[in-house]
Amino acid sequence: MKIAIASDDGKNISQHFGRAPYYIVYTIDNDKVTACEVRDKVGHHSFLHEHGNEPHSCHGEHGADAASQNKHKSMLSAAEDCGVIVAGHMGGGAHRSMIEKDIEPVLTDLKDPDEVIKAMIEGRLENRMDRLH
């Protein structure tokens, strides 16, 4: 299984999925980390040129419009082989896009990616849905 963690710097968990420019991808086999890599991730910053300074639609559910859904597909492209994507917060549109691609979105208040992976392996990571916006 592969788990992607949205990251601003390739070391820590991003507080917002859409803004993160990286994924830290862990490969888990028999409850052990067998590989870890940092991948580039498309983020809101990649789309600023399309609508001036407005990275996404602010009408209705955050990121639910068609243009945002296409952006989310681009954001997910580097993690399509992952079964889980973890972030501090994310919008409802990104959350729905992950579910549609059979990727489990997990929201956490933890800051350390290694701590998240350990909690997932031990079955004690809480999915903080209150962090969905």
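The values are calculated or read from the model by the stated rules, or taken from the named source; none is laboratory data. Worth saying up front: this structure is predicted, and the values here are computed from it rather than measured. Cβ placement follows ideal geometry from the backbone for every residue including glycine, while neighbour counts extend to all protein chains displayed. Side chains are part of the model used for accessible areas, which takes the heavy atoms of the whole protein and leaves out ligands, DNA and RNA. Shrake-Rupley method; radii C 1.70, N 1.55, O 1.52, S 1.80 Å.
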May I ask you to compute the full-extension gain from GLU115 to ASP8, defined as 0.36 nm times their residue separation minus their alpha-carbon distance, rounded to one decimal in nm? 36.8 nm
Residues meeting the amide H criterion for TYR22 (H placed from the backbone, H to H distance under 5 Å, 5 or more places apart or on another chain) are SER7, LYS41
Inter-probe distance in nm under a simple model that places probes 7 Å from Cα toward Cβ, at ASN127 and ILE99: 0.9
Accessible area of LYS32, 1.4 Å probe, to the nearest 10 Å²? 130
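Please work out how much length the chain gains when fully extended from SER77 to GLU37, using 0.36 nm per residue of separation minus the C-alpha to C-alpha distance, in nm with one decimal. Spell out each step's value before the answer.
Working: separation 40, 0.36 × 40 = 14.40 nm, distance 1.55 nm.
Full extension from SER77 to GLU37 adds 12.8 nm.
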In the structure displayed, which of LYS32/LYS73; LYS41/LYS101; LYS2/LYS101 lie more than 24 Å apart, Cα to Cα? LYS32/LYS73
Just by accessible area at a 1.4 angstrom probe, what is the order of GLU115, GLU80 from largest to smallest? GLU80, GLU115
